Each structure stands twice: as C-alpha cells, then as structure tokens.
Amino acid sequence: MEQAESSYWQKTKHFFAVLVPIFIAQTAIVSVGFFDSVMAGHVSEQDLAGVAVGVNIFMPFYIACLATISGLTPRIAQLYGGQQHAEIRAVVQQGFYAEQGGNTATLRLQHAAVGAAQQAATRVVPDVEALLQQLSFVQRHHVHIAGGKEH
C-alpha cells in the first residue's frame, strides 16, 4: 500500500514537472496579445486596431514555429531514453535549420501582409471617414432616410 502511494506521488511530481513549464509557456503566449492590446488601447483606437491586425498576422506563424520546436521534443526524448546521444545533435540541428527557414518565410510573409494591410487601409480610411461624416450630418440634422431618399 505504501509503495502504491509512493508511486502515485512520484507520478504526480513528474506530471507537475511537465505541466508547469508548458502552462507558463502557453500563458505567456496568450498574454503577449492581451497586454499588447491593453497598452495600445490606452493610446488610441487606431493603435489598438493596428495591434489587433498585427497580432492576428503574427500569431499563426509564431504558433507554427512553436509547433515545429514542440515536435522535436518527443524525438529527442526517445533518443535520450535509448541512449543514442550522438543522434540528438543531428535532430536538434535539423530542427534549427527547419525553424530558420520557417522564420525567414514568416518574416517575408509578414512583411507582405503588413504592406497589403497598409495599402488597404489607405484606400478604406477615406471612405470610412466620409461615411462617418455623413452619419454625423444625418444625426445632427435629424435627416430621416428611407429607401435611399431624404424626407
């Protein structure tokens, strides 16, 4: 009975030894977007919108990079457990090269996406500003529009 309790507590310790770093990493990943949004929201609405777009462009690529690295962990653990220490280096190097290639592609895609978003914003912002001015005029002058005609 005592051995079963000892085994249970050992498994619990191992579980939390794995859980805590993963929990901290996942919380940190989510917190980046949250705190960026909170800080940008205190500056201006435009900055908040820019940060929201940036985070939504950045996070999928960031998560893909993390997935690549996370995928290496079981392979490295398998090699370590099998006492194949010499092969660990090759797996880590291949993962590093794959990650660098992914980072380069990510940066290029992000640059292209940000450029496209900036171009779209320069086309859309004047239209939105004009629409807001029209709505402001309608509200100020109590103009009722039905079926596209003023009454």
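The values are calculated or read from the model by the stated rules, or taken from the named source; none is laboratory data. Note that this is a predicted model, so its numbers are computed, not measured. We place every Cβ from the backbone using ideal geometry, glycine too, and count neighbours over all the protein chains shown.
Could you grab me the full set of residues in segment 8-48 that are of a type in the set (Gly, Ala, Ser) and in a helix (DSSP H, G or I)?
Answer for segment 8-48, where residues must be of a type in the set (Gly, Ala, Ser) and in a helix (DSSP H, G or I): Ala17, Ala25, Ala28, Ser31, Gly33, Ser37, Ala40, Gly41.
Just need a number here: residues in segment 36-62 that are surrounded by 11 or more Cβ atoms within 10 Å (Cβ to Cβ) and either touching a Pro at 6+ places or on another chain (Cβ under 9 Å) or more than 22 Å from Gly115 (Cα to Cα) (or both).
So the count comes out to 4.
If Gln83 meets every condition in (1) on the phi > 0 side of the Ramachandran plot; (2) surrounded by 11 or more Cβ atoms within 10 Å (Cβ to Cβ) apart from one, which number is that one?
Here Gln83 clears every test but (2).
Being under 21 Å from Phe61 (Cα atoms), out of contact with any helix residue (DSSP H, G or I) (no Cβ under 8 Å at 6 or more places or on another chain) and modelled with pLDDT of 70 or more narrows it down to one of Ala105, Ala98, so name that one.
Details: Ala98 fails: out of contact with any helix residue (DSSP H, G or I) (no Cβ under 8 Å at 6 or more places or on another chain).
None of the other options fit; the residue is Ala105.
For residues in segment 63-78 being hydroxyl-bearing (Ser, Thr, Tyr) and without any contact (Cβ under 8 Å) to a residue 24 or more places away in the chain, which is surrounded by the fewest Cβ atoms within 10 Å (Cβ to Cβ)?
The initial filter retains those residues of segment 63-78 that are hydroxyl-bearing (Ser, Thr, Tyr), namely 68, 70, 73.
With without any contact (Cβ under 8 Å) to a residue 24 or more places away in the chain added as a condition, the list becomes 70, 73.
Values: Ser70: 12, Thr73: 10.
For segment 63-78, the residue satisfying everything is Thr73.
Is it the case that segment 45-60 has a residue that's closer than 22 Å to Leu107 by Cβ and of a type in the set (Asp, Glu)?
Within segment 45-60, not a single residue is closer than 22 Å to Leu107 by Cβ and of a type in the set (Asp, Glu).
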